[in-house]
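Novice: Handing you this structure, nothing more for now.
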Amino acid sequence: MNVERAVSELTELRETLAQRQQVQVSYDLATRGVIRIDGLEFPPGWETPDGSRRGAVLLDLPEEYPRYRPRVYISESMRLRGDRPPVMVPERIDGDGRWAQVDVFSADAEWNPETDDLLTIFERLQRRLRSQAATGRDSDDAVEDC
């Protein structure tokens, strides 16, 4: 992993998130390649069983980052209008949480390591979540609808 690049991108992501909302960002790039964002406000329509729209996101950077794109997970407790969308099959247990992967790219070819970064991933995740909430769809074209 290009840790220097990841740290630089993480700094930019943290600054961007701080301007938008109060979240807590923790990470372990040296040994695990994981970035966790807690307290993220999800779009209307998304909520936890207790009615909160705040949840967590996990970015899993591959060893070959940025050559290969990160995997994106959201807290398994998040629901869309009370139900779990089909994409949200729990796929990862990390610490005390269960995580469901959300694919923000419809194909690996869409990830360009020269121009895409952690902020790209976050912005595409936000578009995917807003699109699913607005349309109720969970398809590859949902990212492009916003």
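The values are calculated or read from the model by the stated rules, or taken from the named source; none is laboratory data. Everything numeric in this text was worked out from a predicted model, so none of it was measured. Every residue, glycine as well, gets a Cβ built from its backbone with ideal geometry; the counts of neighbours run over all protein chains shown.
Novice: Tell me the residue from ALA6, ALA18 that is over 25 Å from ARG130 (Cβ atoms) and part of a helix (DSSP H, G or I), please.
Specialist: ALA6
Novice: Still on this structure: If you take the residues in region 14-36 that are in contact with a Leu (Cβ under 8 Å, 6 or more places away or on another chain) and within 20 Å of GLU64 (Cα to Cα), which one is surrounded by the most Cβ atoms within 10 Å (Cβ to Cβ)?
Specialist: Ranking the qualifying residues of region 14-36, first place goes to ILE35.
Novice: Can you find a residue in region 46-63 that is acidic (Asp, Glu) and over 16 Å from the mean Cα position of the chain (by Cα)?
Specialist: Among the residues of region 46-63, at least one is acidic (Asp, Glu) and over 16 Å from the mean Cα position of the chain (by Cα), which makes the answer yes.
Novice: Which one is nearest to GLU123 (Cα to Cα) among residues in region 45-85 that are acidic (Asp, Glu) and at pLDDT 90 or above?
Specialist: Looking at residues that are acidic (Asp, Glu) and at pLDDT 90 or above, I get ASP60.
Novice: Could you tell me whether VAL143 is closer than 23 Å to LEU10 by Cα and either more than 16 Å from the chain's Cα centre (by Cα) or at pLDDT 75 or above (or both)?
Specialist: Judged against the criteria, VAL143 is not a match.
Novice: Could we say that LEU40 is closer than 25 Å to GLN132 by Cα, outside any loop (DSSP other than H, G, I, E, B) and of a type outside the set (Gly, Ala, Ser) here?
Specialist: Considered against the rule, which asks whether it is closer than 25 Å to GLN132 by Cα, outside any loop (DSSP other than H, G, I, E, B) and of a type outside the set (Gly, Ala, Ser), LEU40 comes out as yes.
Novice: Restricting attention to region 45-77, and to residues there that are in contact with a Ser or Thr (Cβ under 6 Å, 6 or more places away or on another chain) and not in a strand (DSSP E or B), which single residue is surrounded by the most Cβ atoms within 10 Å (Cβ to Cβ)? Let's see the steps before the verdict.
Specialist: To start, the set of residues in region 45-77 that are in contact with a Ser or Thr (Cβ under 6 Å, 6 or more places away or on another chain) comprises 48, 55-56, 77.
Okay, now just the ones that are also not in a strand (DSSP E or B), so 48, 77.
Values: THR48: 14, SER77: 17.
Only one residue tops the list, namely SER77.
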